[in-house]
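The values are calculated or read from the model by the stated rules, or taken from the named source; none is laboratory data. In this text the structure is predicted, and so the values were computed from the model without any measurement. For neighbour counting, all protein chains shown are included, and Cβ atoms are generated from backbone atoms with ideal geometry for every residue, glycine included.
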Amino acid sequence: MKVGRVDGDFRWRSGEVSRLEGFSDAVFGFSLTLLVVSLEVPRTFAQLAETMRGFFAFAFSFALLLVVWEKHYRFFRRYGLQDGTTLLLNSVLLFVVLFYVYPLKFVSTAFIEGVLFRRRSVVVEADQIPALFTIYGAGYVAIFAIYGALYLHARRKRSALELSPFESALTDAEVAHHALLCAIGLLAIALARLLPIEIAGLSGFTYVLIGAVETWHGAREGRMRRELSGSG
């Protein structure tokens, strides 16, 4: 089996970019294009100012999509899978990413403008907030559920992939990691539906828990790597 670059102590099993990865990168690139605040060059300063108001929301959405892309890149570098199950899960992921772009941009714009600007370019009525956070949360949950399914599939292929004990353990950790990320989204949806309309928007703060999950996962992975170094 061809050995490529390494991801710390995780052997990369994919060297050249496959057609599947190339197509996926094109879809991610198109998704980023859809985030652009305006495809036309501003003709007046007022139009320029209006465009610049969307910069922070664009930057926030751009960063989130880059996180999703990096997860995709790392998975395919680690395992190099090209089988039917991987193709199906990857296709569903790309579909969700494309559908997720506009809810992501809408929520990011509403949040950023609510914090930084008095004027709002998007309008959300109070009774529409539960539905908005349900749509946003469903996209969020779907993306990380698919990544969890991809890692679970890689776990089932551990013999064919010749995963080391460390790589198998890290794959298990990734499954748990993405399950927790999904749980955050499901909790946010539940709160948006259960809280009174007046405070339903507070359900969005549930996503602050992502920081705690990422910290826990990073510490766990770091501990695993230290244990491997110690045993080596």
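Among residues of the range 89-116 that are under 17 Å from residue 53 (Cβ atoms), those with a beta-carbon under 6 Å from a residue that is in a helix (DSSP H, G or I) at least six positions away or on a different chain give the pairs 105/61; 107/136; 108/57; 108/60; 108/61; 109/57; 112/56; 112/57.
Applying the criterion of being more than 19 Å from the chain's Cα centre (by Cα) and of a type in the set (Ser, Thr, Tyr) to the residues of the range 23-48, the residue that is modelled with the lowest pLDDT is 38.
Are any residues in the range 32-75 assigned to a loop (DSSP other than H, G, I, E, B), without any contact (Cβ under 8 Å) to a residue 12 or more places away in the chain and not polar (S, T, N, Q), and if so, which ones? Lay out the reasoning, then the answer.
Within the range 32-75, the first condition is being assigned to a loop (DSSP other than H, G, I, E, B), and the residues that meet it are 35-44, 54.
Those left that are additionally without any contact (Cβ under 8 Å) to a residue 12 or more places away in the chain: 39-44.
Within the range 32-75, 39, 40, 41, 42, 43 qualify.
The set of residues in the range 49-64 being surrounded by 15 or more Cβ atoms within 10 Å (Cβ to Cβ) and either assigned by TED's automatic domain parsing to the domain that holds residue 166 or at pLDDT below 85 (or both) consists of 50, 51, 53, 54, 56, 57.
Pairs linking a residue in the range 176-199 that is over 10 Å from residue 133 (Cα atoms) to a residue that is polar (S, T, N, Q) and part of a helix (DSSP H, G or I), with Cβ atoms under 8 Å and 6 or more positions apart or on different chains, are 184/206; 187/206; 195/203.
As a summary of the residue check, residue 122 satisfies the conditions (1) in a helix (DSSP H, G or I); (2) farther than 30 Å from residue 11 by Cβ; (3) among the β-branched types (Val, Ile, Thr) except for the one numbered (1). The sole residue among 140, 147, 136, 102 that is surrounded by fewer than 19 Cβ atoms within 10 Å (Cβ to Cβ), out of contact with any Phe, Trp or Tyr (no Cβ under 6 Å at 6 or more places or on another chain) and of a type in the set (Ser, Thr, Tyr) is 102. Has the range 118-136 got at least one residue that is more than 22 Å from residue 187 (Cβ to Cβ), in contact (Cβ under 8 Å) with a residue 60 or more places away in the chain and out of contact with any Lys or Arg (no Cβ under 6 Å at 6 or more places or on another chain)? So far as the range 118-136 goes, yes, one or more of its residues are more than 22 Å from residue 187 (Cβ to Cβ), in contact (Cβ under 8 Å) with a residue 60 or more places away in the chain and out of contact with any Lys or Arg (no Cβ under 6 Å at 6 or more places or on another chain).
Considering only residues in the range 81-90 that are over 19 Å from residue 172 (Cβ atoms) and over 15 Å from the mean Cα position of the chain (by Cα), the one that is modelled with the lowest pLDDT turns out to be 82. Selection within the range 105-128: residues that are surrounded by 17 or more Cβ atoms within 10 Å (Cβ to Cβ) and small (Gly, Ala, Ser). The member of this set that is modelled with the lowest pLDDT is 110. Mind checking whether some residue in the range 90-105 is among the hydroxyl-bearing types (Ser, Thr, Tyr) and in a loop (DSSP other than H, G, I, E, B)? No, because not a single residue in the range 90-105 is among the hydroxyl-bearing types (Ser, Thr, Tyr) and in a loop (DSSP other than H, G, I, E, B).
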